[in-house]
1. Checking Q88 against (1) closer than 18 Å to L135 by Cβ; (2) out of contact with any strand residue (DSSP E or B) (no Cβ under 8 Å at 6 or more places or on another chain): exactly one of these is not met. Which one?
2. Do we find that I113 is surrounded by fewer than 17 Cβ atoms within 10 Å (Cβ to Cβ), in a strand (DSSP E or B) and of a type in the set (A, V, I, L, M, F, W, C) in this structure?
3. Condition check: modelled with pLDDT under 90 and not in a helix (DSSP H, G or I). Does L30 satisfy that?
4. Anything in segment 70-95 that is part of a strand (DSSP E or B) and either charged (D, E, K, R) or over 14 Å from V121 (Cβ atoms) (or both)? List them, or say none.
5. Six or more apart or on different chains, Cβ atoms under 9 Å: show the pairs whose first residue is in segment 16-27 and free of Cβ contacts under 8 Å to residues at least 60 places away in the same chain and whose second is among the charged types (D, E, K, R) and surrounded by 10 or more Cβ atoms within 10 Å (Cβ to Cβ).
6. Do we have I84 as touching a helix residue (DSSP H, G or I) at 6+ places or on another chain (Cβ under 9 Å), touching a residue at least 12 places away in the same chain (Cβ under 8 Å) and in the same structural domain as I53 (by TED's automatic domain parsing) here?
Amino acid sequence: MLRKDNGFTLVEMLVSLVIFMIIASFVLNLFTLIQTNTTEKSSLNQKEWEIFINQLKRDVWQSRTMEASHNKLYLTVGEDMVLIEQYQDKVRRRLNETGHEIALQNIRSFQVISDGNSVTVTVEDKQGKPFRSRLRPFISVSGGSTNGE
């Protein structure tokens, strides 16, 4: 008569170990992916910053007047008033105090400082990394001379 013992054989133990190792490697990769994705979502991409500055330069160059007040940038472009401001964790562009065009996201602070004929824009992302650019109008706001930069 055959006896049936309850227990694991060596082959069963090895198969269980291989299955456990496969599952553990997938879980580890999943945690790494989630960690990387979370960090990327809370930081500002360099390319995103460059696009924002290029669009802002275009508005500044086309503007007739430029004023910075309370960390908001007011530009008169043609007959329109363009407003660049922080809204929650975003920088938005508004035209004639309407609309909500998101220019940057995942930011902690947005600062605009006007020093005469130029404007310095400073942004700090949620990771604390600062981004700064100085903008000058293509034609002097005081009248007529072109900028050499």
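1. (1) is the only condition that Q88 fails.
2. Criteria met by I113.
3. no
4. K72, T76, V77, D80, M81, E85, Y87, K90, R92, R93, R94, L95 - these are the residues of segment 70-95 that are part of a strand (DSSP E or B) and either charged (D, E, K, R) or over 14 Å from V121 (Cβ atoms) (or both).
5. Qualifying pairs under 9 Å: none.
6. Yes: the conditions hold for I84.
Yes or no, residue by residue, for (1) at positive phi; (2) among the polar types (S, T, N, Q); (3) assigned to a helix (DSSP H, G or I):
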| position | (1), (2), (3) |
| --- | --- |
| L44 | no, no, no |
| I53 | no, no, yes |
| L56 | no, no, yes |
| M66 | no, no, no |
| L104 | no, no, no |
| S109 | no, yes, no |
| T120 | no, yes, no |
| V123 | no, no, no |
| G128 | yes, no, no |
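The values are calculated or read from the model by the stated rules, or taken from the named source; none is laboratory data. This one's a predicted model, so the numbers in the text were calculated from it and none came from an experiment. Quick reminder, even Gly has a Cβ in these numbers, built from the backbone with ideal geometry, and neighbours come from all protein chains shown.
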